[in-house]
Structure formats: C-alpha cells, structure tokens
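The numbers here are math on the coordinates, done by the rules we state, and not lab data. All values derive from a computational prediction rather than experimental measurement. Cβ sites come from the backbone with ideal geometry, for glycine too, and all protein chains shown count toward neighbours.
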Amino acid sequence: MHCPRCAAEVKEGARFCESCGVSLEEYGVIRDPSAEDNGRPPASGGMDASVRRRMIIAFVVFDLILAVVLIFFILKMG
Ligand SMILES: [Zn+2]
C-alpha cells in the first residue's frame, strides 16, 4: 500500500509511514477489525443459536433457584 500523504511505499500493517512519519491510523488507512465487527450480525447462525440456548438454560436455572427459595420460605413460614 501507499502513504496517503507522501505516496511512499508502506509495509502492510504498518502504523506509521517510514518516509514522512505520518500516522496511517489517523488517515484511516488502518482500520481496527474488531471495531468493524461491532453492530454487524454474525456471518454464521451457529454462534447465535448457541448463545440463545445458553440464555434459555440460564433462565431455567434461575427459575429453579427461585422455586427452591420460594419452597424454602413456605416451609419455614408454615
Ligand atoms: Zn508518508
């Protein structure tokens, strides 16, 4: 790739131009791949399904704990 300011050859993935020392991140030449993923739906539905399943399990576990606590309180009061 080339420097956006002096058009000198810059190594791929370099943060600064070796010729003029300009910050390539400032010019938007290098983009953070993790930031680009934010807000974008996942390419595969596999991840989403596993997350949904984990959420359902969490809800079931929470309900079970709530039921046990409720039974405990009823037994203690009665
Ligand atoms: Zn440059």
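Most tightly packed first, judged by the mean number of other beta-carbon atoms within 10 Å of their residues, the peptides 4-16, 48-60 read 4-16, 48-60.
In order along the range 13-20, the Karplus-derived 3J(HN,Hα) couplings, from 6.51 cos²θ - 1.76 cosθ + 1.60 at θ = phi - 60°, round to x, 6, 8, 10, 6, 6, 7, 10 Hz, and Gly and Pro are given as x.
Using 0.36 nm per residue, how much length does the chain from A7 to V61 gain when fully extended, once their Cα-Cα distance is taken away?
Numbers: separation 54, 0.36 × 54 = 19.44 nm, distance 5.95 nm.
13.5 nm is the gain from fully extending A7 to V61.
For F73 and V51, the FRET efficiency from 1/(1 + (r/R0)^6), where r spans their Cβ atoms and R0 equals 30 Å, is about 0.35.
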